[in-house]
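Peer 1: Handing you a structure now.
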């Protein structure tokens, strides 16, 4: 999966717009605290396999300090309503596409997974990808076998099989990334709840939201990316697109 980030970022160039405006968001309750890493990185050349985000050890509060106020909770995840957006149906998933985004999936990317070329199986790059008119913002979906993400003889059936939210950051987040948000999101389905991991990270130049789950031994990962200057203006829209992904 080391190619995953380069695929998400391959459509874009830096946007110099210095005057973003942030839309008023709706709020999605948070279910996990963010993991933070302060090392900078270059997204276009980074490997997916990386160091774990820093874990702050917690100690019991002594009785003499019982009156001390607890640390503040991180802000809820801001998202918008996507029900009016076009819903794209792919191979085992669906995702909402922001208005005015164009389908930029190449013909060889359709039916993503693998295709036969002679006697070789060639993996597809994208299950879906959509870009803004200027090409600076994109929403993409990548599907790959979980044994490509974590060496194991067992086929993962749930994203927790790849580890906890913090442990799986080694799989999905490049080493040295500034992680702005990391949380577990559970979505109710007919047979119970499905677990997704959400990571939002960047380097001050490029910003990316990643929403991942596992189904039938495959990792299905939605990503939304833009230059930081565009994210400040359209981050709620892009984040909302990423987490709109559902499993069929």
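Matching residues to (1) surrounded by 14 or more Cβ atoms within 10 Å (Cβ to Cβ); (2) modelled with pLDDT of 65 or more; (3) in a loop (DSSP other than H, G, I, E, B); (4) in contact with a helix residue (DSSP H, G or I) (Cβ under 6 Å, 6 or more places away or on another chain):
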{"residue": "75", "(1), (2), (3), (4)": "no, yes, yes, no"}
{"residue": "82", "(1), (2), (3), (4)": "yes, yes, yes, yes"}
{"residue": "87", "(1), (2), (3), (4)": "no, yes, no, no"}
{"residue": "95", "(1), (2), (3), (4)": "yes, yes, no, no"}
{"residue": "99", "(1), (2), (3), (4)": "no, yes, yes, no"}
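Peer 1: Name, by its number, the condition in (1) over 18 Å from residue 243 (Cα atoms); (2) crowded, with 16+ Cβ neighbours inside 10 Å; (3) touching a strand residue (DSSP E or B) at 6+ places or on another chain (Cβ under 9 Å) that does not hold for residue 176.
Peer 2: Of (1) over 18 Å from residue 243 (Cα atoms); (2) crowded, with 16+ Cβ neighbours inside 10 Å; (3) touching a strand residue (DSSP E or B) at 6+ places or on another chain (Cβ under 9 Å), only one is false for residue 176: (3).
Peer 1: Something else about it: Can you report the number of residues in the range 198-216 which are farther than 17 Å from residue 163 by Cα and in a loop (DSSP other than H, G, I, E, B)?
Peer 2: 3
Peer 1: Taking residue 212 as meeting all but one of (1) over 16 Å from residue 157 (Cα atoms); (2) under 12 Å from the mean Cα position of the chain (by Cα), write down the number of the exception.
Peer 2: Going through the list (1) over 16 Å from residue 157 (Cα atoms); (2) under 12 Å from the mean Cα position of the chain (by Cα), residue 212 breaks only (1).
Peer 1: Would you say residue 133 is in contact with a strand residue (DSSP E or B) (Cβ under 8 Å, 6 or more places away or on another chain), surrounded by 14 or more Cβ atoms within 10 Å (Cβ to Cβ), at pLDDT 70 or above and in a loop (DSSP other than H, G, I, E, B)?
Peer 2: So residue 133 does not fit the description; no.
Peer 1: Separate question: Within 23 Å of residue 96 (Cα to Cα), buried (at least 21 other Cβ atoms within 10 Å of the Cβ) and within 17 Å of the chain's Cα centre (by Cα): does that describe residue 221?
Peer 2: Yes: the conditions hold for residue 221.
Peer 1: Cβ-Cβ under 6 Å, sequence separation 6+ or interchain: first residue in the range 146-160 and at pLDDT 85 or above, partner surrounded by 13 or more Cβ atoms within 10 Å (Cβ to Cβ) and assigned to a loop (DSSP other than H, G, I, E, B). Which pairs?
Peer 2: Filtered contacts from the range 146-160: 146/156; 146/217.
So that you can scan it fast, the table gives a plain yes or no per residue for (1) in a loop (DSSP other than H, G, I, E, B); (2) in contact with a helix residue (DSSP H, G or I) (Cβ under 6 Å, 6 or more places away or on another chain); (3) within 16 Å of residue 93 (Cβ to Cβ); (4) at pLDDT 90 or above:
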site: 139; (1), (2), (3), (4): no, yes, yes, yes
site: 143; (1), (2), (3), (4): no, no, yes, yes
site: 168; (1), (2), (3), (4): no, yes, no, yes
site: 176; (1), (2), (3), (4): yes, no, no, no
site: 179; (1), (2), (3), (4): no, no, no, yes
site: 193; (1), (2), (3), (4): no, no, no, yes
site: 196; (1), (2), (3), (4): no, no, yes, yes
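The values are calculated or read from the model by the stated rules, or taken from the named source; none is laboratory data. As the structure is a computational prediction, the values presented were derived from the model and not from experiment. All Cβ positions, even for glycine, are placed from backbone atoms using ideal geometry, and neighbour counts span all protein chains on display.
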